[in-house]
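Since every read-out is calculated from the coordinates, none of them should be taken as a lab result. All of these numbers come straight from a predicted model, not from anything done at the bench. In this analysis, Cβ positions are derived from the backbone assuming ideal geometry, glycine residues included, and neighbour counts consider all displayed protein chains.
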Amino acid sequence: MLHFDAVSWVVVISCAMMIGFSKAGIMGAGALIVPLLAAIMPARESTGFLLPMLSIGDITATIYWRRHADWPKLIRLMPWTLSGVYLGFLWLGRITDQFLMPVIGGIVLFLVCIHFWQQSRPDYGTRIPHNWWFAAIMGIMAGTTSMLANAAGPIMVIYLLSMKLDKENFIGTAAVFFLLLNLSKMPFSSKLDLITSASLLTNLAMAPFIVIGALLGVAAVHRIPQQLFDRVMQIATALIALYLCVKPLF
């Protein structure tokens, strides 16, 4: 297992619970995970350390929400997403965080604005989310940003909100999507030595905390009205995008 001091262990355990909570409940609740882990270990290593824990959270969420997954939307999205994963693998190591993060943040902010515009003008752009090229663009972006920086969450929030899914279908579709996505990234991350036996053992030790977080997330979702759920997703996504934009400045 990896060796951490007491404060770092608190951070890792907190991140594990936030992973479960965000995967099975409120996706935006995971906004702090990446910066917290990057604060206690190098950014490159934190990416590999995070991936297996995300996968454990995906498995937990999928077990509970799988019946609500919208498979036609997943089937339309996944080939493009896997293409994006491969592109991200090719680019990994050639693109710096200082360049990548603001680009991702800017794209997500643009998508958030488009989504708000669609909601305010329902007579315009209603066909856009259902065109094949929309799924292609979002899928490639999600796969690429996920491979490069585990940053596909905001992109998928906007895609799923555009599909006008209710909160159960939203979470179920996201759970299966990210399970398939993160499992597809495992061989590439292993090839790049981002996942080691020591980090994997530490990830497995965090599994109980991920499950606890997932149970709390499920309980929270059942108590949140649909309109509030959508608004929380939008606000959390905008905040994450802003963080990505300003991160290189610090």
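So which helices of the chain fit the span-like rule, where a helix is a whole DSSP H run, its Cα atoms reach 20 Å or more along the axis, and its mean Kyte-Doolittle is at least 1.0?
Span-like helices, by this rule, are 6-24, 97-120, 132-149, 207-221, 226-246.
Before anything else, pin down the relative contact order of region 6-249: Cα pairs under 8 Å, at least 6 apart, normalised by residue count, whole percent.
41 percent
Can you show me the helix-derived [θ] at 222 nm for the chain, built from DSSP H runs with n ≥ 4 at -39,500 (n - 2.57) apiece and divided by the number of residues, rounded to the nearest 500.
-26000 deg cm²/dmol
Between Rg and the Kirkwood Rh of region 128-250, both from Cα atoms, what is the Rg to Rh ratio?
0.99
Calculate, axis by axis, the spread of Cα positions in region 187-250 along the three principal axes, and write the results as whole Å, longest axis first.
43, 35, 22
Given charges of +1 on the Cβ of Lys and Arg and -1 on the Cβ of Asp and Glu, with all other atoms neutral, how large is the dipole of region 1-110 about its Cα centre, in debye to the nearest 20?
So the magnitude is around 400 debye.
Hey, can you rank 13-24, 228-239 by average C-beta count inside 10 Å, highest first?
Final packing ranking: 13-24, 228-239.
Please list, by residue number, everything in region 204-229 whose backbone N is under 19 Å from a paramagnetic label point 7 Å out along Cα→Cβ of S14.
Answer for this model: 206-214, 216-217.
If amide hydrogens are placed 1.01 Å from N in the peptide plane, which non-local residues have theirs closer than 5 Å to the one on A152?
S146
When averaged across all projection directions, what area in nm² does the alpha-carbon convex hull of region 25-103 cover?
6.6 nm²
What dipole magnitude, in Debye to the nearest 20, does the chain give about its Cα centre under +1 on Lys/Arg Cβ and -1 on Asp/Glu Cβ?
Once rounded to the nearest 20, the dipole reads 420 debye.
Per residue, how big is the convex hull around the C-alpha atoms of region 6-249? Give it to me in cubic angstrom, could you?
Expressed per residue, the convex hull around the Cα atoms of region 6-249 is 114 Å³.
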